[in-house]
Structure formats: structure tokens, C-alpha cells
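What follows is a set of notes on a single structure, which appears directly below.
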Amino acid sequence: MVTVTGPALSPGDLTDRDLADDGRPGEECGVFGVYAPGKSVGHLCYLGIFALQHRGQESAGIATSDGKHLTVVKDMGLVSSVFDDRTLAALDGQMGIGHTRYSTTGSSAWQNSQPVYRDVSHTQFALAHNGNLTNTAALAEEAGMLPGMANSDTEVMAELLSQHLHSNPQCVGHELEGALMGVLPSMQGAFSLVITDAHHIIGVRDPNGFRPLCLGRLDGGWVLASESPALDVVGAHFVRELDPGEMVIIDQDGVRSVRPFPEERVDPKLCLFEFVYFARPDSTLYGRNVHLARVRMGEQLAEQAPVDADLVMGVPESGLPAAEGYARHSGIPYGHGLVKNRYIGRTFIAPDAGHAGDGGPHEAQPAAGEHRRQAADRRRRLDRARHDHPGDGADAAGGRRRRGPHAGVVTAVPLALLLRHGHGDPWGVAGRQYGGSRDPRLPRRRHVVLPRPRPSHRRDRRADIGLLHRLPDR
């Protein structure tokens, strides 16, 4: 028996779309799984995916098993809007998985929400996926799926597992494990999976380890999660991260580890964007605390790309630790230049680029008065130092030598520290340093840089730099 809740769909709702454009489930989703007999598994899954909400804000779902049947509840929206006491009351059982979704362009629709459910050969399973397969079209052709039959690569995974279960029913009691051992080696790309049937919770990490997945110990049970804060919120303690290419099976006998991928395919690779932007700062990834790693990135950038400025500021929230590290290493004062709207989500993971760009001005606004106050305070200290020590080229206030006639602001953003100095190209220093041009996902108007004004050129310099908000005349 299975219960799946969500809006009714007619055959006309499923459009014939190209998998390459619309078949990606979301490369940074959050997945969660828990085995906890005697506990309220539905509420534990709710807490787990709520802690992972930052990884996806389009849809949320939970599937639980009581040993006889699966119950699946999923819908579009945030975790708190999809689930309430009534829906969670139906999610009983001894194990469950959860998913919160970030999709790529054009694929934000209910039929793509997860977990995905299948019932074949007396075996029911639900699958939640974080990542992107690179051979989805080839796998769909291998499975005999016509164009339009699959809306995502997660659907293709589920179909391959279903076909394997149907053609290999002999693995009694371990049907799903056997199907995974047969299907996983054919998958290429980045994927972390949590899967449940009537008796097991299974976690899988791709042989490169692109996407995170960790294991936690709960009193009387076990937990799988994309990030370690989801373990903390349910009262579990961190045990370890799954190795690249590892599959763990959790049941009443404990935890078993198997290696479904050939050894030559296991090649650990770090997804740097987890550290730069997606992960929570209190997460532990690859054995490193994310916040401390971001601070260290800022310190290293201060060594590689020094700049003369009055203030270092971070773009909330992921850029704040990097700005802190840059300021600490460079000796430039650190300050808050942008105020984040606490009631808006992460605009980078909006369903399409248009929504992501539109959210920029609403997500953070400049605090120009604070810029001017801190820059003016520092200039007064510099002027006093020059007056007390004429002819000394050193910056007495910061211990640095000034390298230009105009001071500016160092702005730390999630992807890099973007440096702007005087009249220069606002992306020139960072672009030359890292070999890239301005990222269209990071609109220029979000990076407000206040130059050190000179009275005789104040109005012209403002026009040249083009601030988002014109500064009032003093």
C-alpha cells in the first residue's frame, strides 16, 4: 500500500521536453534519511530537511515506512508550508527519507518533486537524489524510455531500478540492495542518494564524492544527511562522511558498507562551491569546518591580491567569513556595508535566472551611511599619522604602504572577493586574478563600492562609478 499526496495530474500536464534542458533534478538539493524505531520518524524527517532548507526552496517531500507500506507526502513550496501537524501525523513508521529541492532552469514542477516512488515485483521504494547525471539520455535510451516519459534523471534512476527488480526477483530480502549493485555502476556524474524500502535505509555517494553525504548516530537509530547540522537538530552525533563510491545499508542489524563501483572509478574530487556558497557555515565538509574554510579563503586572497582600501565588507551571508579573513590578514578595518532582508530566501537558487536576478535588490541593501562613517574615521587617523610623521610613507594606522591616490572598499562576495580601486574596472582586478569575466548571475548593482571622495572631483567620480544609490551631498 502506498499513499502519495499532491495535486492531481492529467496526461496533458506532462510535456515532451528535452532531458538535457529540463531533466536535471537540482544539483544542490538536500537529502535526509533516518532509521529510528519507536520514534516519530515523520517529525525527525521534517526537522532534518528544515535544517537543509538552504539547499533548496522549491519543493519538499517525505517518505516513511512502517515495515509494510510506504507513505509519501510531497508538494511545491518551503518545508514549513508543505508540512503541518496533520500531514506529519500520517507519516508514521520506523524509517523515512526527506528531500528539499533546488532545480535547474525550467524544471520547477510538482511532477519533479521528490522522493520518487515505485512499486514493482512486490518491492516498494522511494528515492531522493541530490546531483546531476551526465549520461541521462543514454540511460533513458537503455531503459527504453521514449522522449517525454522522464522529467528528470531521478526518474531515469527509478526506472532502471524498477526494471532490474522486475527481471531479478531472486534476491529475497535484499532486492533493492541487489538492484542498486547492478544499476549504480552505469551512472555517471554527481549524485548522493537516500533510498528506503519496507525494511532498509540506503545511502549512496558517487565515486567522485562531488555531493556531500554524512552518517550520524541517533539513540537507537542512524541518520543520513547532506550536511552535519541536520544531524544536530535531531539529536544525532556526527560519525563520518561517506567515502566517495560508498553505499551504506541501515536496518535492524545496524550499518553495513559496500562498494558498488569498480576501484578504478573511485577518484575523490572536491566540489568547491559547497565551501564557497551552498553549505551552511556550521557544516563539516571533507573534514573541514565551512566557516573556518571561508575565513581562510579570505586570508589567502589578501595575500594574493592586496589592495589599498578603507573598508572590507562582506555580501551576506556567505561572503561575511571571507571578508573577515581578508580584513584580519590585510589590516583593513572590517564593517557591514549591506543589510540582508531576513524574510527573503537565497535568490541564487531561484527557479530561473530571471527570478534570481530580480531578487538581488530585495535581498540586500547598502548601508551607505556606515560606509562613509567608517571610511571617514580611518582617513582622519591616516591624516593625523601623516601630520605626526611627515615624510613617512608607511600607513601608521594599518601598517601598510598606500599604493594609489584613491581609497575604496573591498567587497567580499560568495564566489570571490571582488576588488575595486579608484576609477578602475569594478571586475578588473578579480577578473584578471582569477581569469574570469563578470558573472551574469552577480549583477553589478549588488556590489556597492564607495571611493574616497576628493572635493574637486566628487560629482564626476560618482557619475563614473555609477553607484546604485546616489550618495547625498555632505
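Please treat every number below as a calculation from the coordinates, not as lab data. What you are looking at is a predicted structure, and each value in this text was computed from that prediction instead of being measured.
Structure notes:
- Per-residue 3J(HN,Hα) values for segment 249-261, derived from phi via the Karplus relation 6.51 cos²θ - 1.76 cosθ + 1.60 with θ = phi - 60°, read 10, 10, 8, 5, 8, x, 10, 10, 10, 10, 10, x, 9 Hz in sequence order (x marks Gly and Pro).
- Each residue of segment 226-239 was assigned a 3J(HN,Hα) from its phi angle through the Karplus expression (A = 6.51, B = -1.76, C = 1.60, θ = phi - 60°), giving 5, 9, 5, x, 5, 6, 4, 5, 9, x, 9, 10, 5, 9 Hz with x at Gly and Pro.
- Global form of segment 178-221, assessed from the alpha-carbon gyration tensor, a/c cut-off 1.5: oblate
- For Val312, distant residues with modelled amide H under 5 Å away: Tyr334, Gly335, Val410
- Stretching Arg86 away from Phe238 to a fully extended chain increases their span by 51.6 nm, per 0.36 nm per residue minus the current alpha-carbon distance.
- Radius of gyration, Dmax [segment 120-279; alpha carbons; angstrom]: 15.8, 46
- Karplus-derived 3J(HN,Hα) values for segment 277-286, using 6.51 cos²θ - 1.76 cosθ + 1.60 with θ = phi - 60°, are 9, 6, 6, 5, x, 8, 7, 10, 10, 6 Hz; glycine and proline are entered as x.
- Amide H contacts under 5 Å for Leu285, placed H, 5+ residues apart: Val290
- Taking each residue as 0.36 nm, the span from Asp267 to His166 lengthens on full extension beyond its C-alpha to C-alpha distance by 33.2 nm.
- Annotation: amide H-H contacts under 5 Å for Asp66 (H modelled 1.01 Å from N, sequence separation of 5 or more, or interchain): Gln94.
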